[in-house]
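To keep things clear, I will list the structure first and then write my remarks on it.
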Amino acid sequence: MSSFPRISLRPEVTDYLKNVFLNKEVLAAVGHQEAESRFQRLLTCLSHPPSYTCVRASTHLAPLEEIRQKLGEELKKQQMCTSSEKEVSVQILPHPRIPDVLLLPVDGPRPVEQLSSEVVVGAQCGSAVLRGANVFVPGILASPKFMKAGDVVSVFSDLEGRCTRGATSFQGMRGFVGNGVAQIDRSGIFCTDVAAKGVGVRMVEPLYQSPSFDGVLPNLAFLQNLPSVVVGHVLGPLPGERILDMCAAPGGKTCHIAALMRDQGEVVALEKIKNKIERIRQNAKMLQLNSVKVYCFNSTKAVSSNSAQEHEGPPFPAESFERVLLDAPCSGLGQRPSMSCTWSLKELCSYQPLQRKLFHAAVQLLKKGGVLVYSTCTVTLAENEEQVAWALETFPCLTLQPQEPHIGSEGMLGAGLSPEQLRLLQRFSPELTWDQTGAAAPLPYRADRDTIGFFIAKFLKK
Ligand SMILES: C[S@@+](CC[C@H](N)C(=O)[O-])C[C@H]1O[C@@H](n2cnc3c(N)ncnc32)[C@H](O)[C@@H]1O
C-alpha cells in the first residue's frame, strides 16, 4: 500500500507527536507495541490520500438519487473524452448513514513509470494532485530548461520546501505524484512579468486516479471531507434558527448548515482574513443559499458589551445564537495527503491559546439550552481532548452530548477524561485501521475509517 515516504516532519515535531500517541494512559490501555505501531501507521497514512472521494450532495436543491445519476453521467462524459476505452464505468455510492453524502473510489497507487523530463511542484500542489487535481502554474517550482507545451513530464512534490523557484532540476527530498502533459512553455512560467495562471501540467497518468470535479455540477456536488460533513449533522441546525459559524472560510460547513436548514433562518459566518471572505460568498451563491450572512471579523472579539444589538453584524450581544460552530484554526496535522510539514514545535503549539479565546466567545454568544460544536482537523491531544477537559472545567454550564452520526472512533486517552466522556467524543483516526482498509474492503466500510484525522466535540449549554 505504501508508495512513497511517510510524512516528513521536523525531528522535534516527530518526538512531540510520539509522546502524544505513546502517552501513559494509551500505553496502559493498549501496550507499547500497539501504541508504537499506531504511531508509525499514522506517519504513513498521513502522506497517502484517502482511498475515496467524498461529495456532499445539495439535497436542498434535488433528491440524492437524481444528483447521483447526473454526476454519473457527467463523469462518464468526462472519462470518454480522456479514455481510449469504449465502455467506461463510474462507481458512485450513497453513504449508508449520511443522507447527503456520495462516495467515489480512488484508484491508486497505480504503477506509473517515471520519465526523464521532470517538473517539481510545491508540497501543497503535490497533495492536490494526489487528490485528483491538475498542476496549476503558480504551483510549479522547477521545470526542464527547454520545456515546451505538449511535452510529457513526470511531476514531483518538493517535500521540504527546498526547491528554488525557476530551477531547471532538483535533487532534494521529493515525492513522485504522476505524469502529465505541459500546457505551457517554461518561458511562460518563469520569464514573464505578469504572473501566469491556469493549468500548467494536465495530469494524464496520476499516481492516484480520481475523477476531476473541475466544473462538474458545481451547484449540486460539493467536494468535502467526510468528517467535515459529519460536523454539520452533529450540529443539527433546524429551519428558522440563528446559527453562528465563528471561523468560516472557505465556507464548506457554513453552506452545509444553511442547506440543512433549507435556507430558512440565518447563518452568520465570521472570518478574520479579508481575502477569504469572497470565497464564502461565492460558495453560498453557487449553492443558492440566501440565509448566509458573511462578515470579516475577529471572532475572539465577537461578544458585544451592549446587551441590545444596534446593528446587524458583529459584535453580538451575549446569548444571541441557538447553535455555534467553532471549527477552530488548528495545526492541521490530520490533513491527508500531506507529504511534509515544515512547522516548528513552537508553531504547532501556538493554536491552543487562540482556540481557548475563541471558545470563551463561543460560550458567551450561545443561548442557554443551545448547542456548541468544537472541531479541528488535527491529531494532537492539546487541541482536542485537552481542550474538552479544559472547557468542562472552565465552563460548568457545559455538558458533553452524544453525537449523531457517530461513525468515527471515540476520544483518545491522555487528557484525563473518563471513559464515558471519551465515548461522547468523535475522533477520526485513520491510523487505527490503516493497512486493513485497502482497496479490497467495501467502499462504505472504508469510508468511515480511511479519512483525514479529525475531531468533534458537542456541548449543551445548561
Ligand atoms: C479550519 S478553517 C475553517 C474551515 C471552514 N469552517 C470550512 O469548513 O470551510 C479556520 C478558519 O478560521 C479563520 N480564523 C483564524 N482565526 C480567526 C479568528 N480569530 N476569527 C475568525 N476567523 C479566524 C482562518 O482564517 C481559517 O479560515
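The figures follow:
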| quantity | calculated |
| --- | --- |
| Top-ranked residue of region 314-350 - restricted to ones that are touching a residue at least 60 places away in the same chain (Cβ under 8 Å) and of a type in the set (Ser, Thr, Tyr), ranked as surrounded by the most Cβ atoms within 10 Å (Cβ to Cβ) | 340 |
| Region 112-141 - residue that is in a loop (DSSP other than H, G, I, E, B) and within 23 Å of the chain's Cα centre (by Cα) and, of those, farthest from residue 202 (Cα to Cα) | 122 |
| Candidate set from region 296-306 (those that are surrounded by fewer than 22 Cβ atoms within 10 Å (Cβ to Cβ) and of a type in the set (S, T, N, Q)); member that is farthest from the ligand (Cβ to nearest atom) | 306 |
| Subset of region 412-429 (residues that are within 11 Å of residue 385 (Cα to Cα), part of a helix (DSSP H, G or I) and in contact with an Asp or Glu (Cβ under 7 Å, 6 or more places away or on another chain)) | 422 |
| Options 209, 288, 309; residue that is away from the ligand (no atom under 16 Å from the Cβ), over 27 Å from residue 336 (Cα atoms) and at pLDDT below 95 | 309 |
| Flag if residue 168 is away from the ligand (no atom under 16 Å from the Cβ), free of Cβ contacts under 8 Å to residues at least 24 places away in the same chain and not assigned by TED's automatic domain parsing to the domain that holds residue 374 | no |
| Within region 180-293, strands (runs of 3 or more DSSP E) holding 3 or more residues that are surrounded by 20 or more Cβ atoms within 10 Å (Cβ to Cβ) | 199-206, 242-245, 266-271 |
| Test: residue in region 357-379 that is within 16 Å of the ligand (Cβ to nearest atom), buried (at least 17 other Cβ atoms within 10 Å of the Cβ) and without any contact (Cβ under 8 Å) to a residue 60 or more places away in the chain | yes |
| Flag for residue 393 being under 26 Å from residue 316 (Cα atoms) and of a type in the set (Asp, Glu) | yes |
| Any hit, region 407-417, residues being without any contact (Cβ under 8 Å) to a residue 24 or more places away in the chain, buried (at least 16 other Cβ atoms within 10 Å of the Cβ) and in contact with a strand residue (DSSP E or B) (Cβ under 8 Å, 6 or more places away or on another chain) | yes |
| Flag for residue 362 being of a type in the set (A, V, I, L, M) and out of contact with any Asp or Glu (no Cβ under 9 Å at 6 or more places or on another chain) | yes |
| Total residues in region 430-462, condition in contact (Cβ under 8 Å) with a residue 60 or more places away in the chain and not in a helix (DSSP H, G or I) | 18 |
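To keep it simple, each residue is scored yes or no on (1) over 18 Å from residue 313 (Cα atoms); (2) of a type outside the set (Phe, Trp, Tyr); (3) not assigned by TED's automatic domain parsing to the domain that holds residue 450.
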| site | (1), (2), (3) |
| --- | --- |
| 219 | yes, yes, yes |
| 234 | yes, yes, no |
| 244 | no, yes, no |
| 250 | yes, yes, no |
| 256 | yes, yes, no |
| 271 | no, yes, no |
| 274 | no, yes, no |
| 280 | no, yes, no |
| 298 | no, yes, no |
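Conditions tested, residue by residue: (1) away from the ligand (no atom under 11 Å from the Cβ); (2) on the phi > 0 side of the Ramachandran plot; (3) not hydrophobic (A, V, I, L, M, F, W, C).
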residue	(1), (2), (3)
246	no, no, no
259	yes, no, no
265	yes, yes, yes
272	no, no, yes
275	no, no, yes
280	no, no, no
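The values are calculated or read from the model by the stated rules, or taken from the named source; none is laboratory data. Only a predicted model underlies this, so the values are computations on that prediction, with no experimental measurement involved. Positions of Cβ are backbone-derived with ideal geometry, glycine not excepted, and every protein chain shown enters the neighbour counts.
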